[in-house]
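Reading through the C-alpha cells given below for one structure.
The values are calculated or read from the model by the stated rules, or taken from the named source; none is laboratory data. As the structure is a computational prediction, the values presented were derived from the model and not from experiment. Cβ coordinates were reconstructed from backbone atoms using ideal geometry, including for glycine residues, and neighbour counts include every protein chain displayed. Note: accessible area is taken over every heavy atom of the protein model, side chains too, but ligands, DNA and RNA are not part of it. Shrake-Rupley method; radii C 1.70, N 1.55, O 1.52, S 1.80 Å.
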Amino acid sequence: MNVVKIAQVFNNGRSRAIRIPKEFEFEADQVEISMNENGDLLVHPVRTPRSPAGLVAWLRTLEPLSEEDQMPEIEDYPPEPVDIDFPE
C-alpha cells in the first residue's frame with residue numbers, strides 16, 4: 001500500500017525538520033535516515049530491543065488468540081528409519 005502525503009518542511013535551529021503526518025505515526029524515539037541514489041529519503045523507526053522482562057510485560061498486554069486464529073492440529077508422524085551403518 002503506497003500512501004502519499006505532503007508534509008511541511010521547516011527550520012529547527014541549524015537543521016531542517018519535517019512534520020510527519022498522523023497517518024504515518026509510529027512508536028519510536030529515534031529514526032534511521034538514509035538517502036538513495038535518486039535523492040529519496042528513507043526513514044525507518046529504530047526500535048529499542050526489549051529485555052526478556054519487557055517482552056513478557058508486552059506479551060501480557062495482548063489479547064489471547066481467538067478460536068479462528070488457533071493453529072490447526074498437525075498429525076505427528078513417527079520418524080522414518082535411518083541406516084547408520086558405516087562403510088568398512
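Side notes on the structure shown:
- Residue check, Ser51 under 30 Å from Phe24 (Cβ atoms), at pLDDT 85 or above and of a type in the set (Ser, Thr, Tyr): yes
- Per-region count, the range 36-58, residues open to solvent by less than 90 Å² (accessible area, probe 1.4 Å) and more than 30 Å from Val4 (Cα to Cα): 6
- Scanning the range 1-59 for residues that are among the acidic types (Asp, Glu) and more than 19 Å from the chain's Cα centre (by Cα) yields Glu37, Asp40.
- Residue within the range 59-82 that is open to solvent by less than 100 Å² (accessible area, probe 1.4 Å), outside any loop (DSSP other than H, G, I, E, B) and without any contact (Cβ under 8 Å) to a residue 12 or more places away in the chain present: yes
- Residue match in the range 6-27 (condition: touching a helix residue (DSSP H, G or I) at 6+ places or on another chain (Cβ under 9 Å) and either surrounded by 10 or more Cβ atoms within 10 Å (Cβ to Cβ) or assigned to a loop (DSSP other than H, G, I, E, B) (or both)): yes
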